[in-house]
Amino acid sequence: MIRLEHIHRTFPVGEAEVQALRDVNLDLQAGEYVSIMGPSGSGKSTLLNIIGLLDRPTGGVYRLDGQDVTGLSDRQQSQVRREKVGFVFQFFHLVPRLSAAENVELPLVLAGISPEERAPLVGRLLEEFGITGRAHHRPDQLSGGERQRVAIARAMVMRPAVVLADEPTGNLDQTTGKEVIHLLEELNGKGVAVLLVTHDPELGGRARRQVRMVDGRIHSDTGAKPA
Amino acid sequence: MRSADVAAFAWRSLSGYRLRTLLMLAAMSMGVGSVVVLTSLGEGARRYVRNKFNSLGSNLIAVFPGRAETAGGVPGALVGRTPRDLTLDDAIALERIRAVRRVAPLTVGSAEVAWEDRSREVPVLGSTAELLEVRHLAVAQGRFLPPGDPRQPVSVCVIGWKVRQELFGTRSPLGEWVRIGDRRFRVIGVLERQGQSLGLDIDEIVVLPVASAQAVFNLPSLLRILVEVREREDVKAARLEVLRILRDRHEGEEDITVVTQDAVLATFDRILLALTLALGAIASISLAVAGILIMNVMLIAVSQRTTEIGLLKAIGASPEQIRLLFFAEAAVLSVLGALVGAALGELGSFAIRQVYPELPAFAPAWAVAAALATAVATGILFSLLPARRAARLQPALALARR
């Protein structure tokens, strides 16, 4: 489903250039559960951003469902993001002035879906993630775990094929963090591919496939097909 | 994205940052409000002048001696003589014109009016019984100048309200003899209290029969002749007739100036309209300031909401949608501000009308419309830059901020 070929990403830092990704090759099948681990600065988040089309590689080709998406315009990329990718962030990134239900609804609103169609979809997801009772609370009235559930519900509302989670437990205590991981694993059980970036070896170890990054390169990949 | 959703999102942003929104509304509405109030003042002045003129009757023609020249020196200077005076006979000659209802010759001077041991220097008007109607004067006590041959001096006078107060106090002046200059006149009437009327304080004057005034001032000429035409549509024809008659009487020379009230009014109208426009233009500077303020605040909003913009992009918002959302926010803000401002402005001009009932301070519709349009246009114009900046944010960088 996702195929990265010789992906490079360099950032200019003053006069010099920092190589965040060097010649990354990665193949991801639909429904896979992959963790990406590595020390900070190893390029995990950059990789995730490129897969999520939030960032463009400096070199290499990225195919999503067979389509080369590296050359798409901003507008086309936003459509791909909207339809195929769900994001979960460490800092939740909920819109503070909108209620939980409205936050979940937001991708549908951006996609131009009518209010009549939106309401049942949002209702079902809130129920699925056990936050129906908090539907009309604003983010600042929710606990960390509840916020991340809202964020995951929002990531799932467009029924993406893959969920990209960047340190989703990084801002949660251990128990709540576990709950969130269980939620993601449940989603994976339903056939959604999950890509989890973490530096917690315990959490990362739960994934069937584990990718380890060092210094912008893939150091080890338990699922890589023999070349 | 549906437009109702865009509007709802913009509204949520505005109501989410209440203080910011209120401050911007205040700036915008003050801009619009000041345009409305200032133009209503200008328009009020215009209508005030118009009303004053209309209260004098709109069918008036004034005849002045001398020719208003825009080029060259003093009229007649080349042939070595001063312009011919207007005389009482000129005035009487004008009564022949069929379209003319009344003719009031006018001579004005300053003289001392004395009764017993009190005296006072006042403007003295010499005219005929016709002046009462022509200048829309009213008599409070006694009667006005008697009709009769204007060439005959009669020793009567009509005094203004204030003159009466100062010379006679509470006593009735009717039948008393006052001294004006070196002649004596019997007071036959007191004018109603009226105040200023086109530069002359009616309360302060004394009116004499024109021949008597000419004798007091020892001056055979007239300051002007006021001609009241029967029908408004005959004013133009009557003016030409006045010119013709007086030219004939002055040996074929057109040495007078005939001004219709409409022409004077039109001039005032133009001046005051220009004043209104200037006031509106000055006030619209504050509109531009409000626009720049909106831009400033929207730019701050963009940097404050960087992560939000990154998030919106992550969940599938296109650059166009981001631009639209910020744009809609500014648009809603400026439309609201403009409407509140227009309401405030109308309230302000209402207050002005309450305090100065004589001043019909109504903002002209074009000014209100222009203020609203300018407000909305500047608000939208100045939101383009922030909206574009928001749309261009790199989502990965935007989300990296926490």
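The values are calculated or read from the model by the stated rules, or taken from the named source; none is laboratory data. Model, not experiment: these values are computed from the prediction. Positions of Cβ are backbone-derived with ideal geometry, glycine not excepted, and every protein chain shown enters the neighbour counts.
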A:Phe91 is checked against (1) buried (at least 20 other Cβ atoms within 10 Å of the Cβ); (2) at the interface with another protein chain (Cβ under 8 Å from one of its Cβ atoms); (3) in contact (Cβ under 8 Å) with a residue 60 or more places away in the chain; (4) not in a helix (DSSP H, G or I) and fails just one. What number does that condition carry? (1)
Quick check, is B:Ala215 touching a Pro at 6+ places or on another chain (Cβ under 8 Å), closer than 19 Å to B:Arg143 by Cα and assigned to a helix (DSSP H, G or I)? no
Which of the residues that make up segment A:150-185 are farther than 15 Å from A:Ala207 by Cβ, assigned to a helix (DSSP H, G or I) and without any contact (Cβ under 8 Å) to a residue 12 or more places away in the chain? A:Gln174, A:Thr175
Taking segment A:154-188 and the residues there that are over 21 Å from A:Ile51 (Cβ atoms) and touching a helix residue (DSSP H, G or I) at 6+ places or on another chain (Cβ under 7 Å), the one that is modelled with the lowest pLDDT would be A:Asn171
Selected residue (only one of A:Leu72, A:Leu98, A:Leu164 is hydrophobic (A, V, I, L, M, F, W, C), crowded, with 22+ Cβ neighbours inside 10 Å and within 13 Å of chain B (Cβ to nearest Cβ)): A:Leu164
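Which one is farthest from B:Phe326 (Cα to Cα) among residues in segment B:360-395 that are among the basic types (Lys, Arg) and within 14 Å of chain A (Cβ to nearest Cβ)? Working first, answer last.
So the first thing to find is which residues in segment B:360-395 are among the basic types (Lys, Arg), and the list is B:388-389, B:392.
With within 14 Å of chain A (Cβ to nearest Cβ) added as a condition, the list becomes B:388, B:392.
Details: B:Arg388: 9, B:Arg392: 12 Å.
Top of the filtered list is B:Arg392.
Name the single residue that is surrounded by the fewest Cβ atoms within 10 Å (Cβ to Cβ) among those in segment B:155-183 being assigned to a loop (DSSP other than H, G, I, E, B) and either in contact with a helix residue (DSSP H, G or I) (Cβ under 6 Å, 6 or more places away or on another chain) or among the acidic types (Asp, Glu) (or both). Full working, then the answer.
So in segment B:155-183, the residues assigned to a loop (DSSP other than H, G, I, E, B) come out as B:155, B:160, B:169-176, B:181-182.
Subset that is either in contact with a helix residue (DSSP H, G or I) (Cβ under 6 Å, 6 or more places away or on another chain) or among the acidic types (Asp, Glu) (or both): B:160, B:173, B:176, B:181-182.
On the way: B:Gly160: 26, B:Pro173: 22, B:Glu176: 16, B:Gly181: 20, B:Asp182: 9.
Selected residue: B:Asp182.
Hey, can you tell me all the residues within segment B:341-369 that are of a type in the set (A, V, I, L, M) and crowded, with 19+ Cβ neighbours inside 10 Å? Can you show your working first?
Residues of segment B:341-369 of a type in the set (A, V, I, L, M): B:342-344, B:347, B:351-352, B:355, B:359, B:361, B:363, B:365, B:367-369.
If the condition is that a residue be of a type in the set (A, V, I, L, M) and crowded, with 19+ Cβ neighbours inside 10 Å, then B:Ala342, B:Ala361, B:Ala363, B:Ala367, B:Val368 are the ones that fit.
Quick check on B:Arg270: is it among the basic types (Lys, Arg), within 23 Å of the chain's Cα centre (by Cα) and part of a helix (DSSP H, G or I)? Walk me through how you get there before you give the answer.
Working: among the basic types (Lys, Arg): yes; within 23 Å of the chain's Cα centre (by Cα): yes; part of a helix (DSSP H, G or I): yes.
Yes, satisfied.
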Within segment B:301-330, restricting to residues that are surrounded by fewer than 19 Cβ atoms within 10 Å (Cβ to Cβ) and free of Cβ contacts under 8 Å to residues at least 24 places away in the same chain, the one that is farthest from the other protein chains (Cβ to nearest Cβ) is B:Ser303
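Hey, among B:Arg270, B:Arg239, which residue is surrounded by fewer than 17 Cβ atoms within 10 Å (Cβ to Cβ), under 26 Å from B:Pro65 (Cα atoms) and basic (Lys, Arg)? Steps first, please.
On the way: B:Arg239 fails: surrounded by fewer than 17 Cβ atoms within 10 Å (Cβ to Cβ).
Exactly one of B:Arg270, B:Arg239 is surrounded by fewer than 17 Cβ atoms within 10 Å (Cβ to Cβ), under 26 Å from B:Pro65 (Cα atoms) and basic (Lys, Arg), namely B:Arg270.
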